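Below is the structure I would like to discuss, written out as structure tokens.
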Amino acid sequence: MQSRRNLALEQNYTILNEADIHMRQEDNIKKISSILSISSDAAAILLRHYNWSVSKVNDEWFANEEKVRRIVGLLEEPHALPSGKELTCGICFEVHRCATMSSAACGHPFCVTCWQGYISTAINDGPGCLMLRCPDPSCSAAIGQDMIIALASHDDREKYGRYFLRSFVEDNRKTKWCPAPGCDYAVDFIVGGGTFDVTCRCSYSFCWNCTEEAHRPVDCDTVSKWIMKNSAESENMNWILANSKPCPKCKRPIEKNQGCMHITCTPPCKFEFCWLCLGAWSDHGERTGGFYACNRYEAAKQEGAYDDTEKRREMAKNSLERYTHFYERWATNQSSRQKALSDLQQMQNIHLEKLSDKQCQPESQLKFITEAWLQIVECRRVLKWTYAYGYYLPAHEHAKRQLFEYLQGEAESGLERLHQCAEKELYGYLNVDGPSKDFNEFRMKLAGLTSVTRNYFENLVRALENGLSDVDAHSGPSRTGGSRGFGAGSSKNRSSSSSSRNKTASTARSRNIDDSSHWACAYCTFANVKSATVCQMCQQRRS
């Protein structure tokens, strides 16, 4: 994960509104019209056929112009209407004056009324109207935009115009609509220029590759499997299998909701049986271990004499418990992110102005608060998807799982400290009568926590995107080294990272007004009081 500042520098996409799309369409049409020396109407027909790819049109045209004309229905020499004062319409077969007849480039005559009906029907049928051909069954001449505009009604022209505009996005491999409900922006993406994460002007972030919600560092296949699993009926069946047993007589599933083992099926069955061994209750008594403890089942269990149904039930229960563990944490971080987005909006619209008045500071100096909330929102998104990653991490790869859980735990711990500081400590400064003396210390703390949390999550994301390749196959990660040892790659990188921290710490010390009363953390550069032995920001020990 990168900061928004870094993402802005590496942005490999452009957000397009309706005017931008229209301008790009016109530019492409003019370009093809100029290069091929054809009309704008013909250029538009070519571009639509070749999915608005200028290079594809040029390649195909110059390779075999005759073939391209035949495929798309462009005649080299247009034909005029047959001569005569009156002509017979090829649809209604009525005779009309020549002035009320019209034709495409092929010259087949049809009356204006029939043309309007033909065009209106095609437009109401959907986007296929963009590739409309002559009504004559034996003719494949294309009908251009100019003819549609001249003959269609006002409503049909507007609908055709929307289809035409949308075709530039939907038929173009480089562009896609933002999938957020009600959003009319499109995204022009440069493939191979970085990550697939896209943030639309509507503030919705999504993956350009699969159009699901942005899910870095998890790959699209994992996201697809996770979403499918969350919506699949298989989990319902797993729950039924794990938490119920079939009545031995009528086979309906029964959930045990009381303590004793004596089960009575619902009417009309009313069969009474033992929950443990599924035997008839009439067969139970002192010889089976009493009415509340069936030793026949317990003995079979100890001997491993489970039947296939019981084994499947046990497996389903374990699978369900594991899935529930990851799903609950995935869903909890999702709801926390939604709450953080709401808090961010409230902070920007209401609290910043109030805080500015209370603390006598301009809003421009309170940007560190907005940056902290933006970081919280982004980290919640990343943390949410790490649980989907963890669910599909192979159970036999113990070293990778150990490293994953360690990095995830460090990142989550850092995020909780940041979230608590922004959510609880900040609101204390909103309910004071005047400027707080320790507000600048709070500024340093929140800004430092934001930076530290960003580092934790960058390490986590980097490690997951590399497939946890830093794992030593013979030993798991050590907890004594702190988070600094992870996500660093080779020893050369770790050395560079250490050098960078020393340099940063040195810079932090040089900024302190009173070096004798504070010490700068070598990891996060926070200025701690001299008596502290552990950094108040990142909990690292003083070195």
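The values are calculated or read from the model by the stated rules, or taken from the named source; none is laboratory data. Note that the coordinates shown come from a computational prediction; the quantities given were computed from them, not determined experimentally. With ideal geometry, Cβ positions are generated from the backbone for all residues, glycine too; neighbour counts draw on all protein chains shown. The accessibility values were calculated without ligands, DNA or RNA, using every heavy atom of the protein model including side chains. Shrake-Rupley method; radii C 1.70, N 1.55, O 1.52, S 1.80 Å.
Heavy-atom accessible area of THR121 with all protein chains present, probe 1.4 Å, nearest 10 Å²?
Result for THR121: roughly 80 Å² accessible.
Let me ask you something else. Figure the gain on full extension for ILE71 and CYS360 (residue separation times 0.36 nm, minus the Cα-Cα span) and round it to one decimal in nm. Write down the numbers at each step before the final one.
Details: separation 289, 0.36 × 289 = 104.04 nm, distance 7.13 nm.
Extra length available between ILE71 and CYS360 comes to 96.9 nm.
Just report the Cα centroid separation between segment 103-148 and segment 165-190, whole Å.
28
Please go through the residue pairs LYS358/LYS424; LYS424/LYS530; LYS174/LYS229; LYS31/LYS176; LYS317/LYS400 and name each one whose alpha carbons sit more than 20 Å apart in this structure. Please list the in-between numbers first.
On the way: LYS358/LYS424 17 Å; LYS424/LYS530 26 Å; LYS174/LYS229 30 Å; LYS31/LYS176 22 Å; LYS317/LYS400 25 Å.
In this structure, LYS424/LYS530; LYS174/LYS229; LYS31/LYS176; LYS317/LYS400 lie more than 20 Å apart at Cα.
Please calculate how many Å² of accessible area segment 131-187 carries per residue, with a 1.4 Å probe and no DNA, RNA or ligand atoms counted.
Numbers: 2980 Å² over 57 residues.
With all protein chains present, segment 131-187 gives 52 Å² per residue.
Can you tally the net charge around VAL68? Count Lys and Arg as +1, Asp and Glu as -1, for every other residue whose Cβ sits under 15 Å from the Cβ of VAL68. Walk me through the intermediate numbers first.
Values: positive: ARG48, LYS56, LYS67, ARG69, ARG70; negative: ASP59, GLU60, GLU65, GLU66, GLU76.
Value of the local net charge: 0.
Tell me the net charge near ASP188. Cut-off is 10 Å between Cβ atoms, ASP188 excluded, with +1 for each Lys or Arg and -1 for each Asp or Glu.
On the way: positive: ARG24, LYS174, LYS176; negative: ASP20.
Value of the local net charge: +2.
Given 0.36 nm per residue, what is the gain on full extension from ASN58 to ILE35 after removing their alpha carbon distance, in nm? Please list the in-between numbers first.
Working: separation 23, 0.36 × 23 = 8.28 nm, distance 0.84 nm.
The ASN58-ILE35 span can extend by a further 7.4 nm.
Let me ask another. Taking the Cβ-Cβ separation of GLU94 and ILE15 as r and a Förster radius of 56 Å, what is the calculated FRET efficiency to the nearest 0.05? Let's see the in-between values first.
Working: r = 52 Å, r/R0 = 0.93.
In this case the efficiency is close to 0.60.
How large a share of the accessible area of segment 86-172, in percent, is made up of carbon and sulfur atoms when the probe is 1.4 Å and the other protein chains stay in place? Mind showing how you got there, number by number?
On the way: 2160 of 4240 Å².
Using a 1.4 Å probe with all protein chains present, segment 86-172 comes out at 51 percent carbon and sulfur.
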